[in-house]
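Peer 1: To start, I am sharing the structure in question, which I have written as structure tokens.
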Amino acid sequence: MRVWPLHFVFALILIGSLAAKARTTDVLSESTSLEAAVIRVARSQGLAYREHTTIADTDIRALAFDAPACSRPIFVVFVLVTFDQASLVRSAREPHYAPRYVYIDRSWDKPHRLAVFMERMKYAVLAVFNFTQYVPSWHLLLVESPQECKAAETIDWRMVWDRDYLSAVRSMEKL
């Protein structure tokens, strides 16, 4: 039996894993401008940025937005995909607010760890091979809006994770 085909396969695996590791580092380092991207996406879809705030009785930061025809603000919180802060945020929720967890092109009314983890892994693998325009992030959005306010449900948040959009936001921040 010849050994060179086996050596060739191992060489391909080594080169592929090194390329994938380098690509993963590049992709994940791009996720630093999510907050600015959220503000820009929300503004482009009719929300007015109000302020940075904290969730009641916690030190968890949130972005507050005003929406047309909504008497109370909409809050956007960055939550780790591990949902470490989810119970704290849930316990401090404003009364009569409806939560929505958003990660790229999916959303949930309740925290679904496995579904979010699978979505993140899917986009991480796709990003390594440059098969997606989205940057996988360790954060998802918790969008809390008053129950009578439907403005937040119509917002397409995918641009927050869009590679080109993040690059544009980052370059505008440098100006």
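Peer 1: So who's got an amide H within less than 5 Å of the one on ALA98, skipping anything under 5 residues away but keeping other chains? H placed 1.01 Å off N, in plane.
Peer 2: Distant-sequence amide H within range of ALA98: SER145, GLN147.
Peer 1: Provide the gained length on full extension for the span GLN85 to ASP109, in nm with one decimal, where the gain is 0.36 nm per separating residue minus the Cα-Cα distance.
Peer 2: Additional length available on full extension: 7.0 nm.
Peer 1: What is the set of long-range amide H partners of VAL135 at a cut-off below 5 Å, with H atoms built 1.01 Å from backbone N?
Peer 2: So VAL135 has HN proximity to ASP162, ARG163.
Peer 1: Identify the GluC sites (Glu not before Pro) of the range 108-175 meeting these criteria: DSSP loop state and at most 12 other C-beta atoms within 10 Å of the C-beta.
Peer 2: Listed in order of number, the matching sites are GLU148.
Peer 1: Going by how many other beta carbons lie within 10 Å of each one, how would you line up PHE83, PHE8, fewest first?
Peer 2: PHE8, PHE83
Peer 1: Please report ILE74, ILE13 as a ranked list, fewest other C-beta atoms within 10 angstrom at the top and most at the bottom.
Peer 2: ILE13, ILE74
FYI, it's all coordinate maths here, none of it is from the lab. Owing to the predicted nature of the structure, the values given are computational and were not obtained by experimental measurement. Backbone-built Cβ (ideal geometry, glycine too); neighbour counts: all protein chains shown.
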